[in-house]
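The values are calculated or read from the model by the stated rules, or taken from the named source; none is laboratory data. Source: prediction; values computed, not measured. FYI the Cβ positions are ideal-geometry reconstructions off the backbone, even for glycines, and counts take in every protein chain you see.
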Amino acid sequence: MEADKRKIELEKKDNEIIFSKSIKAGKRIYYLDVKKSRNDDLFLAITESKKKVTGQDDDIQVSYEKHKIFLYKEDFDRFAEGLDEVIKFIKQEQGEAPQRQERVYDNEPTNDTSNEEAKPKSFFDRFKL
């Protein structure tokens, strides 16, 4: 009984998020969560969440496909160096990626008037992919 209680407490501790950052990118959201291990070391949990829509009309079902990787502090430097090298290679081969446009709606204040055509014109335009 006591062992079960201790196991539950350890599992809760493993799921404790110390710091989190989400990055929205099209149909995907990337979550960067700093968590604490059982021995109190911090590590990074990276989760990619992708929205999946199946079915039609009244039978539409929405689910999320998730993939996780865990990155521990002893690997941070090598991982960052490798990621930087790969990003530089891709930019060298294909150039910079075009910036994703953030949606701006008619009822939101904005200082930028140069992109009037990009604003959705009706309530339903907000839900188009």
Query raised in the report: Here is a list of conditions, (1) over 18 Å from the mean Cα position of the chain (by Cα); (2) of a type outside the set (D, E, K, R); (3) modelled with pLDDT of 90 or more, and THR54 meets all of them except one; can you say which number that is?
Result: (3)
Report summary line: Here the residues within the range 58-75 that are over 21 Å from ILE29 (Cα atoms) and touching a residue at least 24 places away in the same chain (Cβ under 8 Å) are TYR72, LYS73
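From the list LYS50, LYS66, LYS88, which one is surrounded by 10 or more Cβ atoms within 10 Å (Cβ to Cβ), out of contact with any Leu (no Cβ under 7 Å at 6 or more places or on another chain) and over 21 Å from LYS21 (Cα atoms)? Working first, answer last.
Values: LYS50 fails: over 21 Å from LYS21 (Cα atoms); LYS66 fails: over 21 Å from LYS21 (Cα atoms).
Every option except LYS88 fails the conditions.
For the range 17-33, state whether one or more residues are in contact with a Ser or Thr (Cβ under 8 Å, 6 or more places away or on another chain) and modelled with pLDDT under 90.
So the first thing to find is which residues in the range 17-33 are in contact with a Ser or Thr (Cβ under 8 Å, 6 or more places away or on another chain), and the list is 28-33.
Still in the list and also modelled with pLDDT under 90: none.
Within the range 17-33, none of the residues are in contact with a Ser or Thr (Cβ under 8 Å, 6 or more places away or on another chain) and modelled with pLDDT under 90.
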